[in-house]
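The values are calculated or read from the model by the stated rules, or taken from the named source; none is laboratory data. Everything numeric in this text was worked out from a predicted model, so none of it was measured. Every residue, glycine among them, receives a Cβ derived from its backbone with ideal geometry; neighbour counts consider all protein chains shown.
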Amino acid sequence: MYGDEATVRKILTGLGDTWAVVGLSSNRHRAAYGVAQVLQRFGKRVVPVHPKAETVHGERGYASLADIPFEVDVVDVFVNSELAGAVADEAVAEGAKAVWFQLDVVDEAAYERTRAAGLDMVMDRCPAIEIPRLG
């Protein structure tokens, strides 16, 4: 388990409400699309990050984290494990407060680097599953 209950709660309730969702596009059949809807329903601002830079759920998209012209609190990562570590490193470089790797996205070295840089991190979990559990 990468991310104890206290860390999950802190990221979901205490770190801020602007979430960059890396891998979010207008494809309604992808998990990121539905998870972003749940995050919005629970009051989060969702910022799509995808090479196409599409507007999704009413929010303007950006091609990369570096292109976002405002502060992001949490970077939610919907890319495969081989690409996820680079996204975590970019989140650190851009000043995010936390990184969240989705279900089945695991990179232990990235987890260690991100935590060592002072960010909170959860890996191999889904905020759309965890947020309703908070009560």
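Restricting to the stretch 90-112, name every residue that is touching a helix residue (DSSP H, G or I) at 6+ places or on another chain (Cβ under 9 Å), of a type in the set (Asp, Glu) and more than 14 Å from Ala20 (Cβ to Cβ).
Step one: filter the stretch 90-112 for residues touching a helix residue (DSSP H, G or I) at 6+ places or on another chain (Cβ under 9 Å), giving 90-94, 96-107, 109-111.
Adding the requirement that they be of a type in the set (Asp, Glu) leaves 90, 94, 104, 107.
The answer is Asp104, Asp107.
I need the full set of residues from the stretch 86-117 which are under 18 Å from His50 (Cβ atoms) and among the small types (Gly, Ala, Ser), in order please.
Hits for the stretch 86-117 are Ala86, Ala88, Ala91, Ala96.
State the number of residues belonging to the stretch 68-86 that are closer than 12 Å to Ala20 by Cα and either in contact with a Gly (Cβ under 9 Å, 6 or more places away or on another chain) or at pLDDT below 95 (or both).
Qualifying residue count, the stretch 68-86: 7.
Let me confirm something: among Leu24, Leu39, which residue is aliphatic (A, V, I, L, M) and within 20 Å of Asp67 (Cα to Cα)? Don't jump to the end; show me each part of the working.
Numbers: Leu39 fails: within 20 Å of Asp67 (Cα to Cα).
One residue alone meets the criteria, Leu24.
Would you mind stating whether Ala20 is over 24 Å from Arg133 (Cα atoms), among the aliphatic types (A, V, I, L, M) and either without any contact (Cβ under 8 Å) to a residue 40 or more places away in the chain or outside any loop (DSSP other than H, G, I, E, B) (or both)?
Details: over 24 Å from Arg133 (Cα atoms): no; among the aliphatic types (A, V, I, L, M): yes; either without any contact (Cβ under 8 Å) to a residue 40 or more places away in the chain or outside any loop (DSSP other than H, G, I, E, B) (or both): yes.
Spelling it out, it is not the case that Ala20 is over 24 Å from Arg133 (Cα atoms), among the aliphatic types (A, V, I, L, M) and either without any contact (Cβ under 8 Å) to a residue 40 or more places away in the chain or outside any loop (DSSP other than H, G, I, E, B) (or both).
Test each condition in (1) surrounded by fewer than 19 Cβ atoms within 10 Å (Cβ to Cβ); (2) over 14 Å from the mean Cα position of the chain (by Cα) for Ala31 and report the one that comes out false.
(2) is the only condition that Ala31 fails.
Taking the stretch 120-135 on its own, how many of its residues are in a helix (DSSP H, G or I) and under 12 Å from the mean Cα position of the chain (by Cα)? Break it down stepwise before answering.
At the first step, the residues of the stretch 120-135 found to be in a helix (DSSP H, G or I) are 127-133.
Filter once more, keeping what is under 12 Å from the mean Cα position of the chain (by Cα): 127-128.
Adding up the residues that qualify gives 2.
Residues being within 24 Å of Glu82 (Cα to Cα) and among the aromatic types (Phe, Trp, Tyr): count how many of those fall in the stretch 22-45. So that I can check it myself, show each step before the final result.
The initial filter retains those residues of the stretch 22-45 that are within 24 Å of Glu82 (Cα to Cα), namely 22-36.
Among the residues that remain, those that are also among the aromatic types (Phe, Trp, Tyr) are: 33.
So the answer is 1.
On the given criteria, is Ile131 modelled with pLDDT under 95 and either touching a strand residue (DSSP E or B) at 6+ places or on another chain (Cβ under 7 Å) or surrounded by 19 or more Cβ atoms within 10 Å (Cβ to Cβ) (or both)? Break it down stepwise before answering.
On the way: modelled with pLDDT under 95: yes; either touching a strand residue (DSSP E or B) at 6+ places or on another chain (Cβ under 7 Å) or surrounded by 19 or more Cβ atoms within 10 Å (Cβ to Cβ) (or both): yes.
For Ile131, the condition - modelled with pLDDT under 95 and either touching a strand residue (DSSP E or B) at 6+ places or on another chain (Cβ under 7 Å) or surrounded by 19 or more Cβ atoms within 10 Å (Cβ to Cβ) (or both) - is met.
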